[in-house]
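Let me begin by presenting the structure, written as structure tokens, before commenting on it.
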Amino acid sequence: MLTHLTPQANDKRKVPLASSLPAIPLWEAYLDLNRYAWSTPCPIIRANDKMFCHSVLSVRPWKLFGFDKFTMYTRAKLRQLIRNYLPDPEAQFKLTRDRITSRMADGGRIDQFMSAGIRIGTGLKDKVNKTGECISGMTFHLIPGKYTKDNEPKIDVQVFFRVSEITMRLLGDFMFIDYIIRKVLEPIGYMKHLNVVMLYLTSYYALVPEFPFWERMYPWALEEVDMKNDTFTEHHWKRMLSIIKTGINPKSGTPTNYIAFQKKKRRVDALAKVPSLYTRDREGNPSLRPCYENYEGPLEP
């Protein structure tokens, strides 16, 4: 379940505790997060960004979907994330596994509460002019079976984000998180006990030039944007979307020479033949397109 803690004008609702939230599949949590951000005026803006604060994604089951079809992330991207975030990855995985197994009873049984963390950060951003890694921490929390409803041990994973761009980069982060979870739990046979993955987003932003990618995933995205009352003006929306979709500067009528926009246009065009990530039923309720239900995506670097 997605809980938004960003203060909004005249919003008196109480926010439930994260531990009490029902969990939803990853595709649904991602859908809710993006629909909320793209359709909600936000008091905090930076250039082309809408900035939000404090949301929680409570995910069960943890299962990847066809994200790399849209972001065009590859195994090379996973290797980059591992290199930038994990100091000596195999040693970190082994240390986390050893921390867990050293506290297990005979037969590998979880019989006590414990949390084991994995170090995130290679020192590349240990500078005053940097504000730290975008993913700032990750923990594995073990719950003995005697304290669960079905008498089976559970493992809850918590991931803490300092900041995240939610439409494109967050999908790469999902791939990275999935890799860590499997590397820690699979060798000790505990993937079957993975219960819920809690994603704590301290702050996150929706970047307007990324909107066409979201529209490829969720074709009804533009219908949900109230341009006349949004944080960004209708003129700004139309100008930015026109540049990304056509590659033409609407003011001068000439092709944009901004390389980043040229690359985005090529990538958006390349997605024209890819089935959207989401579909809708007759009542207009969105769901994951069936062809992605069993899609895992790249798993190894």
DSSP-defined beta bridges in the range 99-213 - what % are antiparallel, rounded to 5: 65 percent
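Using Cβ contacts closer than 10 Å as the measure, can you line up Asp68, Asp230 from fewest to most?
Values: Asp68 20, Asp230 17.
Going from least to most buried by this count: Asp230, Asp68.
Using packing as a proxy for protection, rank 29-42, 244-257 so that the peptide with the highest average count of other Cβ atoms within 10 Å comes first.
Working: 29-42: 19.6, 244-257: 13.3.
Those peptides, ordered most packed to least, come out 29-42, 244-257.
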The answer for chymotrypsin sites (Phe, Trp or Tyr not before Pro) in the range 207-301 that fall in a DSSP coil and have at most 14 neighbouring Cβ atoms within 10 Å is Trp220, Tyr258
Within the chain, which is the longest segment that contains none of the GluC sites (Glu not before Pro) sitting in a DSSP loop with at most 14 other Cβ atoms within 10 Å? 1-282
On a 26 Å Cα-Cα criterion, which of the cross-link pairs Lys77/Lys251; Lys69/Lys263; Lys63/Lys183; Lys50/Lys245; Lys77/Lys154 come out too long? Lys77/Lys251; Lys77/Lys154
Dipole magnitude of the chain about its Cα centre, charges +1 at Lys/Arg Cβ and -1 at Asp/Glu Cβ only, in debye to the nearest 20? 700 debye
Pick from Arg46, Arg289, Arg103 the residue whose mean-square fluctuation is largest in a GNM of the chain, springs joining Cα atoms under 10 Å. Arg46
What percent antiparallel are the DSSP beta bridges of the chain, to the nearest 5? 80 percent
Using alpha carbons only, how many angstrom separate the centre of the range 87-122 from the centre of the range 175-210? 16 Å
Net dipole in debye of the range 181-269 [+1 Lys, Arg Cβ; -1 Asp, Glu Cβ; about Cα centre; nearest 20]: 480 debye
Identify which of Thr279, Thr148, Thr233 has the largest mean-square fluctuation in a Gaussian network model of the chain, with springs joining Cα atoms closer than 10 Å. Thr148
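Which peptide among 266-277, 78-89 comes first, and what is the full order, when sorted by highest mean count of other Cβ atoms within 10 Å? List each step's numbers first, then the result.
Values: 266-277: 14.2, 78-89: 16.5.
Top of the packing list down: 78-89, 266-277.
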With springs only between Cα atoms under 10 Å apart, run a GNM on the chain and tell me which of His236, His54, His141 wobbles the most. His236
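Quick note: the coordinates plus some simple rules give every number you see, no bench work behind them. Predicted model, so just to flag it, every value in this text is computed and none were measured. We place every Cβ from the backbone using ideal geometry, glycine too, and count neighbours over all the protein chains shown.
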